[in-house]
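Dropping a structure here in structure tokens format, bear with me for questions.
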Amino acid sequence: MSRRSAGSLDAHLRKRKRSLLAPQRWWTGPDDGYYYQRLLHHLAASGRIDEARGLLLRWEWLAARLRRPGDAVSLVADVRAFAPHGSLPQHATSGQGPVGSATSAATVMGSSQQAKARASATRKAAASPATAKAKARPMQKDAAATEEAAQALSVWEALLEVLTLSAHILTEDPSQLAFQVLGRLLGSEAPAGPLADLRAGAQMALKEGVYGLPAGTVPSWRCSACPVSKKSLQGVGGPLARTLQLHKDWVRCVAVNEAGTLLASASNDLSVKVWDLTQDCRMLLELLGHETAVLTVDLKGDLVVSGDKDEVILWSLSDGSILKRRPGFAGNLSVVQFLGEGHVAVATGTDVELVGASTLQGKPTCNHEARVAAIHSSAVPGGSATELLLACGCDDKHAALWKLSSQDAKRKKPTAPEFTAQLITRFLVGEQDVRAVSLSRAGNLLACGNDDGVLRIWSISTGKAGLSCSMLCSAPDMHSDWIHSVSMAHDGSCVACGSDDNSISLFDVSKQRMVGQVRIFSGAFSVALSPDLKSLYSASGDIRLWSVPKIKQSHHLNATGTGKHSSAVTGIAVSLDGCHAVSASSDLTDGKTNGGLQIGLWDCPTGSQTGFFKVGGSIDDDDRPLCASMSPDATMAAIGCDTGKLWVVNLTEPFAAVWVQPEAHTERIYCCEWLELDCLATGSEDGSVACWSVRDKVCTATARPYDSGIRCFAWTQDRQRVMCGCDYQAPRLVSVGEKGSDGHVLAEFKDVVRQELTVITPCSISLSSDDRRAVTTSWDKALRVWELDSGQLLLAVTQVSDWVVKGFGATLAGDIAGLCVSYSWDRQLQLWDFTHVLGKGTEKEAVVVSSQESSERLCSCQCDASLVHMACAPRWREGVRRSLVFADEDGGVHFFEVEIRQAPVQDAQGA
């Protein structure tokens, strides 16, 4: 098929009509790099465009089409090109015709003459006599036709959103298609039709086992995680439009050009990237040249300027070359921004330099009393075209306004004008440092974001005495932590705020209230509104593109209610049967902890909340839950707090605390586990573990594996031994003694291959069902399997996660297949089969393998939400639901069900 020319294949299809292959068999064609990529265009050119469109709505075709990493982008292009005219919003289509414009399709497929010819043939197919005849038919006005048209529009929009929202994941791992489709269509309740068929196809694929294994690997089991709750992956119709994650570290800044067609991003990975917003956010340039993390970026015309703490670099947008660089800022540089035509403002220490863009040379022009953290420029209200207004936010709680006047030097050689700066006013903004400023284009409004979490809007006006500044309004309750960035609309109608409380907000200036808010998995370092106010761009662990209208539409759904955690869920547990879950967080009053707890009750099969209540505490204690565990009969929950306090609360009426031990430990309680109905175990940062009688409310046994720093533990089934993990020390297996005893260290688990501190600091510990093996995760992004009794390392899987900052762990929940579940803060959920490792004898040398090469990994699933805490039933025996429950930092709880079955014999025979 790949050797046929486009013309001969078109002629062949016209001649054979529908006899070449039965329509339901198109997805069984050869994977030769041509068939799946070009078949739809040949069908369209042969007058069979309806058949091509039908294939795009079939699960079998999508699964067959998405075989290579690059296929995700071209599949999105196929949907845009072949969707019926009017079935996609105007701003989302590639062109005006029923199958997209030739120009845009050619851009997607490449710039070759063959690609343009294919696009032209596709366009002509839509204008064929058959198509024209169909257009000439009178439209039926009955309700059935109207409903059918509405459904078609919904189907194509939903399909495009599913693929667009998942593109960044499918580009890296096409095997996640079923997980992504099912998760994003959970909110679609259509009982029948193409969307229902797609959802059913994805569900079946997950049950059959979807995984991406190294070539030649023969799995013993098929396993996958099926999403149950709608929060883990944003569904169609939500405010998130796209995620870009080609940066390998934190993204510190984003900026949009004046036309709204290009986006620039700066990252800790030492790179600057430029994205084409008109072509599905494709990366145009990767600019490499910085030697430290890039903190700030701006673009104007055909130039990009970026800065790290020591250096400013000017780049050409045409070819990505470095035009000029200026080092020597000695770690003081904070912000760079284009200023008018031909100048760049550079904030360094307490000064702002106005330098020529061609030379990057200048002198300190605006001097302040404290470090300048933010700058922004605009026109001067009532001023001339040669004047600019510069706003500066400083680390001394103040902001300053400067009027910059250009002085044209009458020289033979054209040069950029120099500025003279006049301080207009310096004023106190709030209670803490000013971290962000943004001016309206006319310069009549100024938005300031402070470390106190308050957005303040100031009015700038012109009077007889000149420019003056006065407070217009503020939003004291919109954010609970630092405001990193603000972006004001050009017309001053609204302001976008990115905060360290893991949220982005929209504030309506005229209504003087918040009109929208979205949650992200980490603090928003930078936000930028598009010039047309349709899109919002944010920078954190990745780059996210949001729909401003949909943020506003969904605002009422995000309001905190009586059944919603108002802060991060930091304790979560699942019942023994895997059917019920409990979540715990701090209770808040006016955004501050009041010493009480918020408890949520959940049904795991549906992911729905069945109860919510509060337990009062003392505001002086400031308790923050760090761990939770459910009693064997699921009637009580134990909660350990950062004050060393242990709570035991009823999960049935009356919902209240039945026991509070104020000083169960002298430091934070990081782990707790209900061992038996009357036996509860805790582990603390004070270096000790303890067993408690719930009935008698007394401590019954103790051990002290370390002097301090216990973060995680796992108990053997005889309840006499516990494996503990501690900061910067190797895990230890200890026996527990009587109350007051230090116990006895039985084994220490050291990786003899790698001895860095990150290796020996465990994030989580789990034991196999026979207590012969242990699994640990650590700060070096690795997962290790150990022999429990001897402490010998058997297997080390490296690079399990790209991020190991706040959440990384694993659990051996299954009695079958040695199934291990790992999760990480980079939103990855992975399933592993350690059957052969758990069952084999001790070997002399440990096996070290990367996660990408490991045959133990069955599947990987990436969510939109961060996975910080995980819980599941301790043992997945017969009759126990294989539920996975996760908590994120935003008060969200996420549910999955694991599907597992033994691989068919033909899998092994086929391999």
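The values are calculated or read from the model by the stated rules, or taken from the named source; none is laboratory data. Treat the numbers as computed from the prediction; the structure is a model and nothing was measured. FYI the Cβ positions are ideal-geometry reconstructions off the backbone, even for glycines, and counts take in every protein chain you see. Only protein heavy atoms, including side chains, enter the accessible area calculation; ligands, DNA and RNA are left aside. Shrake-Rupley method; radii C 1.70, N 1.55, O 1.52, S 1.80 Å.
How large a share of the accessible area of the range 239-547, in percent, is made up of carbon and sulfur atoms when the probe is 1.4 Å and the other protein chains stay in place?
Answer for the range 239-547: carbon and sulfur cover 47 percent of the accessible area.
On the Cα set of the range 579-647, report Rg and Dmax in Å, please.
Expressed in Å, the Cα Rg and Dmax of the range 579-647 come to 12.5, 39.
Tell me the per residue accessible area of the range 239-547 using a 1.4 Å probe; a whole number in Å² is fine.
Spelled out: the 1.4 Å probe surface of the range 239-547, per residue, equals 39 Å².
Arrange the residues Asp780, Asp32 by how much accessible surface each exposes, largest first, with a 1.4 angstrom probe.
Highest to lowest solvent-accessible surface, that is Asp32, Asp780.
Turning to a different aspect of this structure: Counting only other residues whose beta carbon sits under 10 Å from that of Val694, what net charge do I get with K and R as +1, D and E as -1? Display every interim value, and only then the final one.
Details: positive: Arg695, Lys697; negative: Glu676, Asp678, Asp696.
Charge balance in the 10 Å sphere: -1.
Still on this model: Would you please give the FRET efficiency between Lys534 and Val752, computed as 1/(1 + (r/R0)^6) with r the Cβ-Cβ distance and R0 = 45 Å, to the nearest 0.05? List each step's numbers first, then the result.
Working: r = 57 Å, r/R0 = 1.27.
The calculated FRET efficiency here is 0.20.
Would you tally the net charge around Arg65, using a Cβ to Cβ cut-off of less than 13 Å, leaving Arg65 out, and scoring K and R as +1, D and E as -1? Provide the component values of the computation, followed by the final result.
Numbers: positive: Arg38, Arg58, Arg67, Arg68; negative: Asp31, Glu60, Asp71, Asp78.
So the environment of Arg65 carries a net charge of 0.
Using Cα pairs under 8 angstrom and six or more residues apart, how large is the relative contact order of the range 239-547, in percent?
Here the relative contact order equals 13 percent.
Over 20 Å between C-alpha atoms is what I'm after, so list which of Lys614/Lys645; Lys300/Lys324; Lys750/Lys781; Lys309/Lys363; Lys231/Lys511; Lys592/Lys697 land there.
Those over the limit are Lys231/Lys511; Lys592/Lys697.
The range 239-547: Rg/Rh from Cα coordinates, Kirkwood Rh?
0.94
Continuing with this model, one more query. Sorting check: for 881-893, 234-246, which peptide has the highest mean count of neighbouring beta carbons within 10 Å, and how do the rest follow?
Highest mean packing first, the order is 881-893, 234-246.
Skip the ligands, DNA and RNA, and give the accessible area per residue of the range 627-710 with a 1.4 Å probe, whole Å².
Numbers: 3080 Å² over 84 residues.
About 37 Å² of surface per residue is accessible.
Sticking with this one: Compute the signed sum of charges (Lys and Arg +1, Asp and Glu -1) over the other residues within less than 12 Å, Cβ to Cβ, of Trp315. Can you show the working numbers first?
Details: positive: Lys273, Lys300, Lys324, Arg325; negative: Glu286, Asp298, Asp302, Asp319.
So the surrounding residues net to 0.
By how many nm would the segment from Gln717 to Asp633 grow when fully extended, if each residue of separation counts as 0.36 nm and the alpha-carbon distance is taken off? Each step should come with its number before you reach the end.
Details: separation 84, 0.36 × 84 = 30.24 nm, distance 1.77 nm.
Length gained, Gln717 through Asp633: 28.5 nm.
Here is a further query. Looking at the range 631-688, which GluC sites (Glu not before Pro) are DSSP coil and have at most 16 other C-beta atoms within 10 Å of their C-beta?
Answer by residue number: Glu663, Glu667.
Kirkwood Rh and Cα-based Rg: tell me the resulting Rg over Rh for the range 684-788, rounded to two decimals. Please report the intermediate quantities before stating the final value.
Numbers: Rg = 13.7 Å, Rh = 13.9 Å.
That ratio equals 0.98.
If you don't mind, there's one more thing I want to ask. What list of whole percents do you get for P(r) of the range 301-383, with Cα-Cα distances grouped in 5 Å bins up to the one holding the largest distance?
3, 15, 26, 25, 17, 9, 4, 1, 0
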